[in-house]
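The structure under discussion appears below in the form of structure tokens.
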Amino acid sequence: MELWIRSQDKTVLTKINSIGIEYDKKLIGYGNVCVKLGEYATKERALEVLDEIQKYILLPNTDNSAYVYEMPKD
């Protein structure tokens, strides 16, 4: 399965291999390239969004189709 994420401002659509959050200028989890996909008021809200993305990753995919997750507004 491929997971693509569209940024909050709709200007980026990227295939995701890994994802993380930045909090207090520290990057928690990252891949080779860092692209800002969204911004949230609190670390807790960012973790909620990360949980939603995880649910997409865990969806059954019997036809090898791609999923697109759109980053929610805060």
Check: Of the residues that sit in the stretch 30-74 and are over 13 Å from the mean Cα position of the chain (by Cα) and in a helix (DSSP H, G or I), which one is nearest to Ser18 (Cα to Cα)?
Finding: Leu58
Next item on the list: Quickly run through the stretch 2-14 and pick out the residues that are of a type in the set (A, V, I, L, M, F, W, C) and either in a strand (DSSP E or B) or buried (at least 16 other Cβ atoms within 10 Å of the Cβ) (or both).
Entry: Leu3, Trp4, Ile5, Leu13
Check: Is the stretch 15-25 home to any residue that is in a helix (DSSP H, G or I), at pLDDT 85 or above and either loosely packed, with under 10 Cβ neighbours inside 10 Å or β-branched (Val, Ile, Thr) (or both)?
Finding: no
Check: Mind checking which pairs have a first residue in the stretch 29-49 that is over 16 Å from Ile5 (Cα atoms) and a second that is at pLDDT below 90 and not in a loop (DSSP other than H, G, I, E, B), Cβ under 6 Å, 6 or more apart or different chains?
Finding: Lys43/Tyr23
Next item on the list: Select from the stretch 53-74 the residues that are surrounded by fewer than 10 Cβ atoms within 10 Å (Cβ to Cβ) and among the polar types (S, T, N, Q) and write down the one among them that is nearest to Leu3 (Cα to Cα).
Entry: Ser65
Margin query: Every residue in the stretch 26-47 that is at pLDDT 85 or above and surrounded by 12 or more Cβ atoms within 10 Å (Cβ to Cβ), please.
Written below: Leu37, Gly38, Glu39, Tyr40, Lys43, Arg45, Ala46, Leu47
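The values are calculated or read from the model by the stated rules, or taken from the named source; none is laboratory data. Just so you know, these numbers come straight off a predicted model, no measurement behind them. As a convention, Cβ positions derive from the backbone with ideal geometry for all residues, glycine included, and neighbour counts pool all protein chains shown.
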